[in-house]
1. May I ask for the Rg/Rh ratio of region 192-311, computed from Cα atoms with Rh as the Kirkwood radius, given to two decimals?
2. First select every other residue whose beta carbon is under 12 angstrom from the beta carbon of residue 8; then total the charges, Lys and Arg +1, Asp and Glu -1.
3. Rank by packing, highest mean first: peptides 16-22, 323-329, with packing defined as the count of other Cβ atoms within 10 Å averaged across residues.
4. Could you list which residues have their amide H under 5 Å from that of residue 283, counting only those 5 or more apart in sequence or on another chain, with H placed in the peptide plane?
5. Taking the Cα atoms only, what angle lies between the long axis of helix 347-356 and the longest principal axis of the chain, rounded to 10 degrees?
6. With everything on Cα atoms, drop me the angle between helix 74-86 and the longest principal axis of the chain, reported from 0 to 90° to the nearest 10.
7. When DSSP beta bridges are limited to those with both residues in the chain, what percentage is antiparallel, rounded to the nearest 5?
8. Spelling out what I want: for every residue of region 159-168, take phi, set θ = phi - 60°, compute 6.51 cos²θ - 1.76 cosθ + 1.60 (Karplus), and round to whole Hz; glycine and proline get x.
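Nothing in this text is a laboratory measurement; each read-out follows from the coordinates by a stated rule. What you see is a predicted model; the values in this text were computed from it and never measured. Using ideal geometry, Cβ is built from the backbone for each residue, glycine included, and neighbour counts are taken over all protein chains shown.
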Amino acid sequence: MTIADSALDLIGNTPLVRLNQVTAQAQCPVLLKLETTNPGGSSKDRAALSMILAAEADGSLKPGATIVEPTSGNTGVGLAIVAAQRGYETVFVVTDKVAPEKIDLLRAYGAEVVVCPVAVSPDDPRSYYSTAERLVEEIPNAYRPNQYDNEANPQAHFDSTGPEIWNQTEGKITHFVAGAGTGGTLTGVGRYLKSQSDDVKIVAADPEGSVYSGGSGRPYLVEGVGEDFWPTTYDQSIVDQVIPISDRDSFLVAREVTRVEGILIGGSGGTAVAAGLELAAKASPDDLIVVLIPDSGRGYLSRVFNDQWMAGFGFLTDPNGPVVGDVCAAKKRDLPDLLYAQPSDLVRDVISTMKDNGLSQLPVAKGEMPLAAAEVMGSADELAIMGAAFDDPKVLDRPIEDAMSPPLPTIGIGQPVGSAVELLDSAPALLVLDGGRPRTVLARTDLLTFWSR
């Protein structure tokens with residue numbers, strides 16, 4: 001009988017499958033390394049087992065310990081599975097960008113989950129990095145694997161994922177593509193493949209805005225890849241090329257692969273496939289591209305595969321009749337797409353901006369353009385400010401965050417105009433999202449102008 005002794009024995013030996021339906025422009029075969037067949041459903045099972053075994057071996061992980069780790073979900077699942085087998089408690093710290101079903105999944109494995117805001121810097125006490133460090137100090141006998149600075153992470157892929165790919169392709173692989181998160185997969189697989197052949201190219205698929213492709217780490221919505229700092233587990237010397245991919249392409253490619261190939265992949269898998277297809281369009285017939293799919297789309301059903309969520313963030317366009325984007329296109333062209341106030345701006349300066357531009361509402365957001373929807377903190381409303389100034393004139397010399405109203409309701413740029421009409425029945429203005437990012441403010445007068453034309 002062929003029976004595994006535990007779930008840990010099922011980690012690895014994942015299959016390769018050829019893409020057939022989305023490769024019309026490809027000049028060579030594109031293969032997917034499906035890490036979804038690991039017991040936790042992702043490539044992070046490999047790193048989780050490797051990190052815990054290494055920590056046990058060097059004595060840093062002791063019996064009865066509590067494992068604490070910041071994660072986008074998948075590493076937490078892998079650690080929870082290993083912890084269940086080896087007798088540890090788990091506490092995971094996630095950002096509010098993580099899909100709710102991922103949080104529920106972690107809790108199903110018996111983990112405690114702490115949710116932190118995503119729109120803060122890594123050194124902010126509220127960030128998930130800082131929160132994890134605090135919990136390690138507070139919880140007795142706590143251990144943090146620290147997947148971003150743990151060499152057992154890339155080593156897991158050097159020992160298993162790399163050799164599997166080399167053997168499965170009989171050494172014919174020419175390009176390996178994977179998302180850049182901790183960098184463990186790219187570094188480990190890349191080191192192994194290059195030890196077999198200097199000609200193999202290692203390609204990082206990266207969300208637009210991530211540091212790997214030259215950004216600051218914001219803004220993007222795709223989960224599990226990209227970073228706002230440089231982990232030590234990411235070896236830049238191994239990576240030959242970085243391809244930035246937008247949230248829009250990541251999500252739409254994930255949906256297309258799922259629909260026409262019958263392979264349910266998540267947003268980060270869409271990022272990797274989009275980069276692989278971009279490579280394949282310029283490749284030679286002798287090339288062989290392997291794209292690593294880190295996890296399944298089951299963890300993203302409420303987001304990437306939810307039409308309402310996708311439309312609300314401006315990723316889908318209603319095919320019937322005029323949409324919000326048509327109204328935006330009819331607006332005055334002498335204004336920038338989005339005017340907004342920083343929370344530290346003085347109220348009197350915000351009033352001047354609104355007056356000079358003929359605005360009665362202005363978003364208040366922390367950060368520089370392009371903004372993420374999560375960075376919008378509130379709004380400046382002329383009626384609310386007028387009332388506050390009447391009660392206390394000194395409010396004019398205070399920061400706008402002391403006098404701001406709640407954030408404006410949001411609407412996707414591809415949603416029907418009728419949806420905007422319904423929202424504007426109870427709101428003074430709307431914040432329009434395009435590709436997940438705030439683009440402009442839509443007021444009632446904009447709709448009237450659109451209809452009058």
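1. Reported Rg/Rh, Kirkwood definition of Rh: 0.98.
2. -1
3. Details: 16-22: 14.3, 323-329: 18.7.
So the peptides 16-22, 323-329, ranked by packing, come out 323-329, 16-22.
4. 27
5. 70
6. 40
7. In the chain, approximately 35 percent of DSSP beta bridges are antiparallel ones.
8. 7, 10, 4, x, x, 4, 5, 4, 6, 5
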